[in-house]
Amino acid sequence: MPADPEPDGPDLQPVRRLRVLFSAYACGPGDEPEANAGWAFATAAAVHHDVWVITRPRFRAGIDARLAEDATLAQHLTVGYLDLPARVRALKRHSWDLYWYYPFWQFALTRRARALHTRIDFDVIHHVTFANDWLPCGAAYVRGPAFVWGPVGGASRLPVTRLARWLGVRGTATEVLRIVSTAVPRRIWGDGAARRAALVAAQNPDVATRFRASAARVVVEPNAAFDEPAHPGGARGDGPPVAVFAARLLAWKGGRLAVEAMAHPLLADWRLDVYGTGYEEHALRSKVRTLGMADGVHFLGHRPREQLLAALASADALLFPSMHDQAGWVAAEASAMGCPVVCLPLGGPPVLAGPNARVVSLEGDLVENLAVELDRAKRERGIPHQRWTTDRLPSLLKGWYAEATARSSNP
């Protein structure tokens with residue numbers, strides 16, 4: 001890969017492009033948010049730097065196609081593929097197998113990255129996906145390059161006692177187990193990575209607060225990155241107000257809370273369109289029948305992303321009472337189109353919704369608080385914006401790497 005100098009401005013002498021190694025368990029163009037984030041960050045970094053990426057072979061086809069289409073990108077972006085032996089991959093049969101497979105992949109990445117570093121002498125190593133702060137980070141153990149960690153998330157904690165009513169028995173048990181089982185690994189792996197990092201990018205303020213004592217520098221910057229919306233928010237129709245709930249139907253996503261809010265008298269004329277599938281669907285349908293809301297709540301299942309974006313563009317609000325989403329891209333995409341986002345003051349949604357966030361208080365009657373904000377959203381439309389477009393990333397990463405390398409040179 002060429003590493004020719006480029007001028008940094010019309011009156012400045014050419015400067016050497018930094019050599020950056022990306023650790024990206026998921027990276028590739030497409031509709032998977034985590035993989036798309038890895039790809040967006042890697043390609044943005046390649047605007048000003050020479051970039052090498054280590055990711056998994058399952059993303060090869062999409063990456064190869066995109067590099068074949070863009071000769072300039074291919075000149076500054078090299079992708080290497082890493083996976084564990086076939087006999088190990090064969091043991092990965094369930095979704096939860098990720099939690100043992102991912103650490104072993106990270107250990108393998110450390111070996112690969114160290115070998116590459118001896119040949120290429122990287123200036124920066126950047127862990128970008130998975131955005132997880134309690135599992136091992138192989139990039140943290142490569143000595144020499146300035147280490148950038150993130151955006152990472154996971155440290156957001158929900159008030160289980162306050163929200164147990166809407167989590168249900170299974171959801172409450174799951175959250176207690178999650179909190180307990182991730183605490184020690186976060187102290188070991190997360191704090192260790194934060195101490196090694198020249199810069200930590202946190203998905204949300206909760207994560208930033210958790211690692212600020214360990215890290216030299218923490219910034220809040222979610223990994224949301226997409227092109228300008230293809231469905232800019234337009235005028236709403238003359239029908240009843242519509243709220244969209246879009247998420248996997250898991251307890252902590254807040255589906256029960258959303259349904260109860262829609263039963264509030266303030267929202268008697270509203271309709272709720274539910275996009276997503278999951279184990280909570282049966283409980284949600286049962287609650288809808290119990291509340292006599294069958295005509296006002298529509299379960300639409302999993303739909304293509306373009307169809308969901310079109311629904312958000314014409315909706316009066318996104319009802320997103322998720323309890324510990326670290327990022328939650330749907331909040332960013334809805335807000336970008338000018339759709340108000342009614343959410344809890346937890347995790348990433350308030351940040352991603354930005355100027356269109358309608359953040360409810362956890363104090364008092366939570367169901368009524370949600371209903372009041374939805375009613376306000378009908379009267380006070382949101383404002384479209386471009387805060388989360390991929391265009392922001394090249395200069396953002398250039399600044400991060402300049403800061404990280406300067407800090408590593410002057411510890």
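The values are calculated or read from the model by the stated rules, or taken from the named source; none is laboratory data. The structure presented is a predicted model; accordingly, all values stated were derived computationally and were not measured. FYI the Cβ positions are ideal-geometry reconstructions off the backbone, even for glycines, and counts take in every protein chain you see.
Figures for the structure shown
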item: Where a residue in the range 277-289 is in the same structural domain as LEU257 (by TED's automatic domain parsing) and touching a residue at least 40 places away in the same chain (Cβ under 8 Å) and its partner, wherever it lies, is surrounded by fewer than 17 Cβ atoms within 10 Å (Cβ to Cβ) and part of a helix (DSSP H, G or I), with Cβ under 7 Å and at least six apart; result: ALA283/GLY168
item: Tally, over the range 84-114, of residues that are under 23 Å from the mean Cα position of the chain (by Cα) and not polar (S, T, N, Q); result: 12
item: In the range 283-306, residue surrounded by the fewest Cβ atoms within 10 Å (Cβ to Cβ) [restricted to those that are within 26 Å of the chain's Cα centre (by Cα) and among the basic types (Lys, Arg)]; result: ARG305
item: Filter result (touching a His at 6+ places or on another chain (Cβ under 8 Å), at pLDDT 50 or above and not charged (D, E, K, R)) within the range 1-23; result: LEU18, VAL20, LEU21, PHE22, SER23
item: Residues of the range 95-134 satisfying the condition of being aliphatic (A, V, I, L, M), surrounded by fewer than 21 Cβ atoms within 10 Å (Cβ to Cβ) and in contact with a helix residue (DSSP H, G or I) (Cβ under 8 Å, 6 or more places away or on another chain); result: ALA108
item: Qualifying residue in the range 143-155 (condition: at pLDDT 95 or above, farther than 17 Å from GLY347 by Cα and out of contact with any Leu (no Cβ under 9 Å at 6 or more places or on another chain)); result: yes
item: Count - residues of the range 22-53 that are touching a Lys or Arg at 6+ places or on another chain (Cβ under 7 Å) and either crowded, with 23+ Cβ neighbours inside 10 Å or over 25 Å from LEU84 (Cβ atoms) (or both); result: 5
item: Filter result for ASP273 (over 20 Å from PRO33 (Cα atoms), in a strand (DSSP E or B), at pLDDT 95 or above and not basic (Lys, Arg)); result: yes
item: Residues of the range 373-394 that turn out to be outside any loop (DSSP other than H, G, I, E, B) and either free of Cβ contacts under 8 Å to residues at least 12 places away in the same chain or within 22 Å of the chain's Cα centre (by Cα) (or both), as a count; result: 7
item: Selection count, the range 307-349, where residues are free of Cβ contacts under 8 Å to residues at least 40 places away in the same chain, within 15 Å of LEU362 (Cβ to Cβ) and surrounded by fewer than 24 Cβ atoms within 10 Å (Cβ to Cβ); result: 1
item: Those residues of the range 24-57 which are acidic (Asp, Glu) and modelled with pLDDT under 95, in sequence order; result: ASP31, GLU32, GLU34
item: Residue satisfying all of: in the range 175-206; of a type in the set (Lys, Arg) and surrounded by 17 or more Cβ atoms within 10 Å (Cβ to Cβ); farthest from LEU397 (Cα to Cα) among these; result: ARG178
item: Subset of the range 351-372 (residues that are buried (at least 20 other Cβ atoms within 10 Å of the Cβ) and within 23 Å of the chain's Cα centre (by Cα)); result: VAL351, LEU352, ALA353, ASN356, ALA357, ARG358, VAL360
item: When residues of the range 166-204 are limited to those that are basic (Lys, Arg) and free of Cβ contacts under 8 Å to residues at least 24 places away in the same chain, the one nearest to ASP123 (Cα to Cα); result: ARG195
item: Residue in the range 63-82 that is closer than 18 Å to ALA46 by Cα, in contact (Cβ under 8 Å) with a residue 24 or more places away in the chain and among the polar types (S, T, N, Q) present; result: yes
item: Single unsatisfied condition, ALA194 versus (1) in contact with a Lys or Arg (Cβ under 6 Å, 6 or more places away or on another chain); (2) more than 17 Å from GLY347 (Cα to Cα); result: (1)
item: Hits in the range 107-157 (condition: within 17 Å of ARG56 (Cα to Cα), in contact (Cβ under 8 Å) with a residue 12 or more places away in the chain and in a helix (DSSP H, G or I)); result: PHE107, ALA108, LEU109, THR110, ARG112, ALA113, LEU116, GLY138, ALA139
item: Options GLY278, GLY239, GLY254: the member that is of a type outside the set (Phe, Trp, Tyr), surrounded by fewer than 18 Cβ atoms within 10 Å (Cβ to Cβ) and under 26 Å from GLU34 (Cα atoms); result: GLY278
